[in-house]
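Beneath this line is the structure, given in structure tokens, with notes to follow.
The values are calculated or read from the model by the stated rules, or taken from the named source; none is laboratory data. Being a predicted model, the structure only gives us computed values, none of them experimental. Note that we place each Cβ from the backbone using ideal geometry, even for glycine, and neighbour counts take in every protein chain shown.
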Amino acid sequence: MTAEKVITTTEKYAIPGLTNVLYLDMTDRSYSIVDRRDLYEKYLGGSGVAVNLMLEEYKEGTGPLDPEMPVILSTGPLSGVYPTCTKTVALFRSPLNGELGESYAGGHLAMSMRFAGCETIVIKGASKYPLYVSVHNDKVRFRDASSIWNLSSTIDVGKIIRDVEPGAGRRSIIRIGPAGEKGVKYASVNVDTYRHFGRLGLGAVFGAKKLKAIVISGDQEIRSPDHTAYKKQYKKLYDTIVKTGLMEKYHNLGTSENVLVLNELRGLPTRNLQGTSFEGAETISGEHFADNYLIRRVSCAGCPIGCIHVAMLKRPFSKAHEYETLNISYDFELIYALGSNLGVEDPKAVLELIDACEKTGVDIISMGVVLAWATEMLQKKKISTEETLGLELNWGDAAAYLRAIELVVRAPNEFYAALGKGVVYASKKYGGEEFAIHLGGLEIPGYHTGLGNILGLTMGVRHSHLDNAGYSADQKAFNKEMSDEEIIDMLIKEDDLRCMLNSLTICLFARNVYTYENVIEALAAIGIRKTEEELKELGRDTLKKKYELKKKFGFSFENLALPKRFFETASTTGMLEEERVKKALELYRKKRGL
Amino acid sequence: MAKRLKVANPARCIGCYSCMRACARTWYNTISLKNSRINIQTKGGIETPYAQIVCHACVDPPCMRACPIGALTKRKGGGVNFNREICDGCGKCVEACLMGAIHLDVENKAVICKHCGVCTKFCPHDVLEMIEVEDSGEVKVTDTGPVSPTESHKELYGKKEAEEGESGKEKAEEGESGKEEAEEENEKKKAERGSGKKEAEEVK
Ligand code: SF4
Ligand code: SF4
Ligand code: SF4
């Protein structure tokens, strides 16, 4: 018998750090792969690199849907290398609020990009007819996608591309649905069926470029200069993730655990934030979904957690016991947006609504808020069924909401077209701005916990619930008195940290695992040396540059609107006064030097 | 006692690729999926269950018969031992294995599972397990528990307490450092396992 040693082949290994940027031009269907080590060395990857590329590429005055407006997708040096480093950041100009669009998606994308050796992709131009782009290692093809344009479901698009492209199991297929094609301003890009670039309308940007999909796969190898150190570090991180309680929440009930938690804390927006607790919370809780509908859990490539919760919905379609079954992934934000905020307490109905949005390819949070606003508009008689084409919208009426989702995407009249432009646009046109629950032009996620949350969503660079610590600051303040200044300090500290983590495109669910110390060691084990101070500086620098971009795109503190509804409904930490929020905003600005 | 890798609970797979990374990391010293000897596949995107494609330790391996130069020899516990030095990359074994468990690396050498058990330690969902088999590779039938000798199945049959299951697993890991294996290999395994045993106790 032969003793088999560790095998070393003559293959050329990719270096541990990142190297390339793939530039795609949709207009003339050309591409180039450029060595941009300079960028990666300075800014690591992810949002750090993307922000700098955007500053390079953006030409003053280019609108979100103009062909020259670039879309940047970027991964980090830890992608494909360590557990839970699974995200890809998308940077673009948001067609929803005109501002900096930043969105993160998991799935197989980061790993596929990394092993294909194009760690960042810059997409420019627009095609005359629908295209999809296939990238397999360094082979890039632009293919006519006219035959899959107009398909009614993003799921089907994935199925078709899977059949005509190689790379099964190692590839990522990102695509838009009807909402993106038709330019719904909060259309999403579906990533490998269950994950998304959800917020801020990347789907509409793809649609404007006539970019139906990107499929990407690769099988390059990476080798650490110090493999023993790498193995040790991998095991340490793996064990922390799998064997300690740090990420328990995500692999047990998943994010939907928050339904009952927030309901209890009176921070769960209900019926367009007319309330913060929902009498039907029990039946749409993570516990209820897990006990009755959860059939399996799935992971993003390279993450041992498996936080993607997939439910099975068995739906009868005739009296003769005939059923169809749908597999639908659910999360807290979706349950809030299409559940409590629409007064829907039937979990099956929530799943059906999620499924409809998934297929058409829209951001579910925005869709939920838009429909909630429309419902209140009807109830307050500010609009009538004339605008809604006869559709009565009532809290909890899932069938009406199902139809409404389709109507928003198809936009058969002015009213539905307005709904497809977001709650700010619609409320400017039809009234009801006081209860259009958005911050910075983005429909709010499922928290009304107090000052921290509002500040975070207003100031956070992508107005996203995960990019700021607002909600956890409020939770802290709920348990133990905290001054407004302390809340602000916590936000600033966490902002910087998360900005840095986003340059490494780590899943923020693992933010407690990837401490500065662990990040430094993890990078060192693959030959990248950074000090804590350098990492902190990178976080601050990235944030500063994002604000630079925001300002170029027209953001100003003076124009920030704070809809009245936030001050009419009590939050977890009590009633908020507008004055207090404004003062806190000032203080945040001062401390940040913005 | 001979051991082999078994895909004990395929339906529990979450598609995390931890096993593939562990295999390539350990045996090819690379960060990749390509040279893993186990292959996690999707058959219709992640909407459908994952398939774990790996050697299932044939008692009478057709890959061995197909190899014209004897690079594959019968392994104690089923499956094959592979002699990389003489493998000339003809690919006949790849064809012979209906499981699709063999592929060739960049140097045209076969990539075949050696049933070392490293991947089982990185599977977070009890999909993969090392099981005891007869030296011939035949499944052992014992008087306790189910016929299929997997730890996780004992639980299903309600025959074993949880702690017993744990210690069983530990033993399985220990037993892995098969004496007949070469020195370097042992060291490698120990290193890979590291403080694994201690931690196994702390879990739960
Ligand atoms: S590689 Fe395939 S044919 Fe050979 S022993 Fe394993 S399963 Fe059997
Ligand atoms: S048992 Fe060993 S050789 Fe076989 S797949 Fe697992 S890690 Fe690779
Ligand atoms: S480690 Fe386990 S759960 Fe993860 S892909 Fe492999 S078999 Fe599936």
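In the stretch B:42-61, the count of residues that are part of a helix (DSSP H, G or I) and closer than 30 Å to A:VAL157 by Cβ is zero.
Residues are listed down the side, and each one gets a yes or a no for (1) of a type outside the set (D, E, K, R); (2) away from ligand 3 (no atom under 16 Å from the Cβ); (3) away from chain A (no Cβ under 14 Å); (4) touching a residue at least 60 places away in the same chain (Cβ under 8 Å):
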{"site": "B:VAL80", "(1), (2), (3), (4)": "yes, yes, no, no"}
{"site": "B:ARG84", "(1), (2), (3), (4)": "no, yes, no, no"}
{"site": "B:CYS93", "(1), (2), (3), (4)": "yes, yes, yes, no"}
{"site": "B:LYS114", "(1), (2), (3), (4)": "no, yes, no, yes"}
{"site": "B:VAL118", "(1), (2), (3), (4)": "yes, no, no, yes"}
{"site": "B:LYS121", "(1), (2), (3), (4)": "no, no, no, yes"}
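The single residue among A:ALA522, A:ALA570, A:ALA561 that is small (Gly, Ala, Ser), in contact (Cβ under 8 Å) with a residue 60 or more places away in the chain and surrounded by 22 or more Cβ atoms within 10 Å (Cβ to Cβ) turns out to be A:ALA522. The condition of being more than 28 Å from B:ARG21 (Cα to Cα) and within 14 Å of chain B (Cβ to nearest Cβ) holds for only one of A:ILE173, A:ILE148, A:ILE160, that being A:ILE160. Tell me yes or no: at least one residue of the stretch A:115-138 is surrounded by fewer than 19 Cβ atoms within 10 Å (Cβ to Cβ) and over 27 Å from A:THR62 (Cα atoms). Yes; the residues of the stretch A:115-138 include at least one that is surrounded by fewer than 19 Cβ atoms within 10 Å (Cβ to Cβ) and over 27 Å from A:THR62 (Cα atoms).
Residue by residue through the stretch A:325-365, note down the ones that are of a type in the set (Asp, Glu) and part of a loop (DSSP other than H, G, I, E, B). Across the stretch A:325-365, the qualifying residues are A:ASP331, A:GLU345, A:ASP346, A:ASP363.
Yes/no matrix, rows are residues, columns are (1) assigned to a loop (DSSP other than H, G, I, E, B); (2) assigned by TED's automatic domain parsing to the domain that holds A:THR88; (3) touching a Ser or Thr at 6+ places or on another chain (Cβ under 7 Å); (4) surrounded by fewer than 22 Cβ atoms within 10 Å (Cβ to Cβ):
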| site | (1), (2), (3), (4) |
| --- | --- |
| A:ALA290 | no, no, no, yes |
| A:CYS303 | yes, no, yes, no |
| A:ALA320 | yes, no, no, yes |
| A:MET367 | no, no, no, no |
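Against the condition farther than 30 Å from A:ASP156 by Cα and either basic (Lys, Arg) or touching a helix residue (DSSP H, G or I) at 6+ places or on another chain (Cβ under 9 Å) (or both), how does B:ILE112 come out, does it pass? Considered against the rule, which asks whether it is farther than 30 Å from A:ASP156 by Cα and either basic (Lys, Arg) or touching a helix residue (DSSP H, G or I) at 6+ places or on another chain (Cβ under 9 Å) (or both), B:ILE112 comes out as yes. Of all the criteria given as (1) crowded, with 24+ Cβ neighbours inside 10 Å; (2) not in a loop (DSSP other than H, G, I, E, B), the one not satisfied by A:LYS42 is (1).
For A:GLU279, the requirement of being at pLDDT below 95, out of contact with any helix residue (DSSP H, G or I) (no Cβ under 7 Å at 6 or more places or on another chain) and either under 22 Å from A:ALA570 (Cα atoms) or part of a helix (DSSP H, G or I) (or both) is not met. Kindly state which helices (runs of 4 or more DSSP H) lie completely within the stretch A:513-594 and contain at least 2 residues that are more than 30 Å from A:VAL242 (Cα to Cα). The helices (runs of 4 or more DSSP H) meeting that bar are A:532-552, A:565-568, A:578-592. Within the stretch B:95-112, the set of residues being crowded, with 16+ Cβ neighbours inside 10 Å and away from chain A (no Cβ under 12 Å) comprises B:ALA96, B:CYS97, B:ALA101, B:ILE102. When the stretch B:32-51 is filtered for residues that are within 15 Å of ligand 1 (Cβ to nearest atom) and surrounded by fewer than 20 Cβ atoms within 10 Å (Cβ to Cβ), only B:ALA51 remains.
Among the residues making up the stretch B:20-31, a single one is within 16 Å of ligand 1 (Cβ to nearest atom) and more than 7 Å from chain A (Cβ to nearest Cβ): B:CYS23. Do we find a residue being at pLDDT 95 or above, more than 12 Å from chain A (Cβ to nearest Cβ), away from ligand 3 (no atom under 16 Å from the Cβ) and out of contact with any Phe, Trp or Tyr (no Cβ under 9 Å at 6 or more places or on another chain) anywhere in the stretch B:47-54? No, because not a single residue in the stretch B:47-54 is at pLDDT 95 or above, more than 12 Å from chain A (Cβ to nearest Cβ), away from ligand 3 (no atom under 16 Å from the Cβ) and out of contact with any Phe, Trp or Tyr (no Cβ under 9 Å at 6 or more places or on another chain). Considering only the stretch A:413-421, I want to know if a residue exists there that is out of contact with any Phe, Trp or Tyr (no Cβ under 7 Å at 6 or more places or on another chain) and among the aliphatic types (A, V, I, L, M). Yes: one or more hits. Please find, among A:GLU517, A:GLU579, the residue that is acidic (Asp, Glu), more than 27 Å from the chain's Cα centre (by Cα) and at pLDDT 95 or above. After applying the criteria, what remains is A:GLU579.
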